[in-house]
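**Student:** So that we are looking at the same thing, I have put the structure below in structure tokens.
Any read-out appearing in this document is the output of simple, stated calculations on the displayed coordinates, not a laboratory observation. Note that this is a predicted model, so its numbers are computed, not measured. A quick note on method: Cβ atoms are made from the backbone with ideal geometry, for glycine too, and the neighbour counts reach across all protein chains shown.
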């Protein structure tokens, strides 16, 4: 890994190798509830302890300059020119996403390889989101499938993998160890229970996850700052599960 990548990853992950990222790139997927007023939301979440944000180019250009010393991952399409663009505007990593059949086609593999090679050229870390989807469009919470797809992503050159958590903890540890690169957990859809959500992140961290990139379960919650603060403490190993649940009153 080149020096540019190392410096940028250090900004995102810190001395303990863990990162709490808040994903706010959902508007391009048609999801804006909770994201209507970005600046006050980002301030609230950052005050709660978020290490960084995952955002689209527009939000990064128009909003993020107001928040110095904040890690930024830019969501980009599979177009290599965006890597140079990301480097030019100073973000700390790029992210592409694959939602689909776990048996990726040759074209999918080629696109990922292309982005990985371009990211290496420009010294910018490449975060690859890999979410296996079944024929009904549902997430596949299957450890064996995740183990294979995450390893493929690492083999193609991703520096960090973002994927879903599938328990139990001891099984998911195999996913992380097989990947060979840091794995961060996707938050997924808004859960009805904060307790269930917190337990999921807790288990993932115990299994060896390098952090989490959470969206709706933060900014669609009734108290984004409180849940951000709690998540930061969990991810960085500052509190036990019982204390986290007590803080949230669940």
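**Student:** If you count, for each residue, the other Cβ atoms within 10 Å and average over each peptide, how do 28-40, 204-216, 85-97, 186-198 line up from highest to lowest?
**Tutor:** Numbers: 28-40: 12.2, 204-216: 22.8, 85-97: 19.6, 186-198: 16.2.
Ranking the peptides 28-40, 204-216, 85-97, 186-198 by packing returns 204-216, 85-97, 186-198, 28-40.
**Student:** Kindly identify segment 1-80 as rounded, prolate or oblate by the Cα gyration tensor criterion: order the square roots of the eigenvalues as a ≥ b ≥ c, call it rounded if a/c is under 1.5, otherwise compare a/b with b/c, prolate if a/b is larger, else oblate. Intermediate results must be reported in sequence, preceding the final value.
**Tutor:** Values: a/c = 2.03, a/b = 1.30, b/c = 1.55.
Judged from the Cα gyration tensor, segment 1-80 comes out oblate (a/c at least 1.5, b/c at or above a/b).
**Student:** Next question, about the same structure. Of (i) 0.98; (ii) 1.06; (iii) 0.94, which is the value of Cα Rg over 2.2 N^0.38 Å derived from the coordinates here?
**Tutor:** The listed entry that was calculated here is (iii).
**Student:** Order these peptides, 114-123, 6-15, by their mean beta-carbon neighbour count within 10 angstrom, highest first. List each step's numbers first, then the result.
**Tutor:** Numbers: 114-123: 19.1, 6-15: 16.8.
By packing density, highest mean first, the sequence is 114-123, 6-15.
**Student:** Per DSSP helix of 4 or more residues, -39500 (n - 2.57); summed, then divided by the residues of the chain. What does that give at 222 nm, rounded to the nearest 500?
**Tutor:** Numbers: 11 runs with 115 residues, N = 250.
Computed ellipticity for the chain at 222 nm equals -13500 deg cm²/dmol.
**Student:** Moving on to the next point. For a Förster distance of 30 Å, can you work out the FRET efficiency between the beta-carbons of residue 105 and residue 174, rounded to the nearest 0.05? If you can, show how the numbers build up before the last one.
**Tutor:** Values: r = 26 Å, r/R0 = 0.85.
My answer for the efficiency is 0.70.
**Student:** Would you mind pulling out the separation of the Cα centroids of segment 68-134 and segment 1-60, in Å?
**Tutor:** Segment 68-134 and segment 1-60 have Cα centres spaced 15 Å from each other.
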